[in-house]
């Protein structure tokens with residue numbers, strides 16, 4: 001608690017705002033990198049991965065309907 005006593009009171013809102021901003025930025029970057037339209041492949045790959053999914057394959061981790069016969073993988 002000795003460290004908190006030395007920090008001026010006006011700095012607390014700044015620390016809170018910066019914490020929220022850094023958390024939001026981290027979430028935004030994580031979400032953007034995991035979006036379905038992001039393509040992380042090598043240059044020699046001509047077709048995007050979503051064009052290789054067949055109609056009987058699923059890309060989901062869990063299929064509650066059970067209508068797909070196999071799981072698609074890269």
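The values are calculated or read from the model by the stated rules, or taken from the named source; none is laboratory data. The model shown is predicted, which means the values in this text are computed figures rather than measured ones. Neighbour counts are summed over all protein chains in view; Cβ atoms, including those assigned to glycine, are modelled from backbone coordinates with ideal geometry.
Just a few scattered comments:
- In region 55-68, the residues that are more than 20 Å from residue 34 (Cα to Cα) and either surrounded by 10 or more Cβ atoms within 10 Å (Cβ to Cβ) or touching a helix residue (DSSP H, G or I) at 6+ places or on another chain (Cβ under 6 Å) (or both): 56, 57, 68
- The lone criterion from (1) out of contact with any helix residue (DSSP H, G or I) (no Cβ under 9 Å at 6 or more places or on another chain); (2) modelled with pLDDT under 85; (3) in a loop (DSSP other than H, G, I, E, B) left unmet by residue 9 is number (2).
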